[in-house]
Amino acid sequence: MSSQDFAIAIMAAGKGTRLKSKRPKVLHEVGGKPLLAHVIRSATAVVPPQNIYVIIGHEAERVRAAVAQTGVNFVVQAEQRGTGHAIQTARTALAQFANFLVLSGDAPLIRPETIRRIRDFHTAHGATMTILTAKPSDPTGYGRVLREGATDRVAAIVEQKSLRPEQSDVGEINSGFYAFHSEPLFANIDRLSTDNPHGEYYLTDMAALLVAKGHKVLAIRAHDPDEVLGANTIAELVSLDANLRMRKARELMSQGVTIFRPETCVIDDEVRIGVDTSIEPFVQLLGNTSLGENCRIRSYSVITNSRIGNDVNIRPGSIVDESSIATGAIIGPYSHIRPGSEIGEGAHVGNFVETKKAHLGRGSKANHLTYLGDVEIGAGVNVGAGTITCNYDGVNKHKTVIEDGVFVGSDSTLVAPLKIGQGAYIGAASCITQDVPADSLAIARGVQVVKDGWAKRRREERGKK
Ligand code: UD1
Ligand code: CA
């Protein structure tokens, strides 16, 4: 069967009442991105985006905007009257395909392998409805799947609230993922009723309805019960997040990355890390971040949307945001590398140093208590403790250029726009407001006055009183 014959519907119209949140449920984030984005990512690994229909309703435009760039289609379910109603709403779109799969926008751990497995099982057995099931350690809250004896045929799905006492020990749950043969499904879907505790049209009721009509309804068990976990409450969201983070950490470790105490680290899905790099406890690596080989990222550092080269040492408590750090550089402890910074090969940025749109050339150093904003710094420059680039005049930002080999004495203030020529020296505590020629010395501070014996005389006068 070619993928063209198969569509995927993703149900994402619900409000998520149990989250008690103003944000639509499917836009709550786990593993650094919305629940729905995870499901779409797995779906697009199996069928092209034009075969995917996301059913939206509650805050439809917000949900659409969040995932529109994936190229999927949307169907609006203006009133959310249940999962059965969601599929009724998408009938015109889905009926174009011989078969289709249904995924839940609030169950983000589903993998492409499993989607393919349901599809292949469904078509190989010529089923009308195939239900992915699981046996989690705690089935509470899920619909339960009642099989016909020990076969793979299903008799019915019973929602938690409708379970009869003798059914309460059924441990096999409905994952909310299904495959359907379109023609018989849509011939019968209007028979659904709202005769249940929620007064909704349950897609799950299609199992018993189709069986009553002599159709084949089958169950296929998930290999990993965690894969079908949904998020109806904040506690469940947080636990899914932990689950995804651990999956990512394991994947990285299998590729030669060392992650100490991985349960304390937060590593987003898109992060790439080279071999022999070590991540210490309580590190966060977020967004589109890549780390080279043989780096060490020490505790409490947070790196977002940045590129880190090989052999980089990021010491504890450093923040790196939308910047790049070249091979062999040393950052921290407690450095704040703000957007647009480019730290060159072997450069050092030390404690309590803040950079913003700062380019630091090869081997240059700014080791203590410094602000470097809108500055182009060449190679081999030494920026003394307490140096400040005064880049802002209250209206505009101005640029400072510091050429190769410059030595900036401690406690200098460099008032931009400003250029300090190659090899120049800036005397400590200078306030530099004019360009400094190459190879010169600039000193701009009060001249020191020494009054011989002054202190001694003062003490003696006090003693007389
Ligand atoms: C559903 C199943 C349950 C299963 C569980 C697995 C039903 C009746 N029950 O319960 O058997 O064990 O999933 O996680 O289907 N949605 C719409 N439109 C609607 C209603 C819901 O698009 O009108 C969407 C929701 O946004 C959500 C998904 O469908 O993404 C599932 O709905 P939800 O209310 O979470 O169903 P559960 O109670 O979890
Ligand atoms: Ca759910």
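Which of the residue pairs K20/K161; K135/K216; K15/K216 have a Cα-Cα distance greater than 29 Å in the structure shown? Result: K15/K216 exceed 29 Å.
In order along region 256-271, phi translates into HN-Hα couplings of x, 9, 9, 10, 7, 6, x, 5, 9, 9, 10, 10, 6, 4, 7, 5 Hz, rounded to whole numbers, per the Karplus curve 6.51 cos²θ - 1.76 cosθ + 1.60 with θ = phi - 60° and x for Gly and Pro.
Considering only alpha-carbon pairs that sit under 8 angstrom and 6 or more positions apart, the relative contact order computed for region 263-396 is 13 percent.
Semi-axes of the equivalent ellipsoid of region 332-446 are 19, 16, 13 Å, computed as sqrt(5λ) over the eigenvalues of the C-alpha gyration tensor in descending order. For the pair region 218-255 / region 373-437, the C-alpha centres are spaced 51 Å from each other.
Counting every C-alpha pair in region 170-270, the share spaced more than 23 angstrom apart comes to 51%. If the segment from A95 to T433 were pulled out straight at 0.36 nm per residue, it would be longer than the present Cα-Cα gap by 114.4 nm. Projecting the Cα atoms of I325, I337, N310 onto the charge dipole of region 299-350 (Cβ charges, centred on the Cα centre) puts I337 farthest toward the positive pole. In a simple Cβ point-charge model (Lys, Arg +1; Asp, Glu -1; nothing else charged), region 233-350 has a dipole of about 240 debye relative to its Cα centre. Between the residues Q50, S21, A9, the greatest Cα displacement towards the positive end of the dipole of region 1-53, with unit charges on the Cβ of Lys, Arg, Asp and Glu, is found for S21. The charge dipole of the chain, taken about the Cα centre with unit charges on the Cβ atoms of Lys, Arg (+1) and Asp, Glu (-1), comes to about 1420 debye, rounded to the nearest 20. In this structure, the amide hydrogen of A155, modeled 1.01 Å from its nitrogen in the peptide plane, lies closer than 5 angstrom to those of L146, R147, E148, counting only residues at least 5 positions away or on a different chain. Scoring 397-404, 372-379, 103-110 by mean Cβ neighbours within 10 Å over their residues and listing the highest first yields 103-110, 372-379, 397-404.
When the helices of the chain are scored as -39500 (n - 2.57) per DSSP H run of n ≥ 4 and the total is divided over every residue, the value at 222 nm lands at -5500 deg cm²/dmol.
Across the chain, the relative contact order, built from alpha-carbon pairs under 8 Å that are at least six residues apart, equals 8 percent. Treating the chain as a set of equal point scatterers at the Cα positions, no solvent, please give the Debye-formula log₁₀ I(q)/I(0) at q = 0.07, 0.08, 0.10, 0.12 Å⁻¹. Those come out to -0.53, -0.63, -0.81, -0.98, one per q. The calculated FRET efficiency for the pair L146 and N294, based on their C-beta separation and a Förster distance of 45 Å, comes to about 0.20.
The numbers here are math on the coordinates, done by the rules we state, and not lab data. Quick caveat, the model's predicted, so the values are computed rather than measured. Neighbour counts are summed over all protein chains in view; Cβ atoms, including those assigned to glycine, are modelled from backbone coordinates with ideal geometry.
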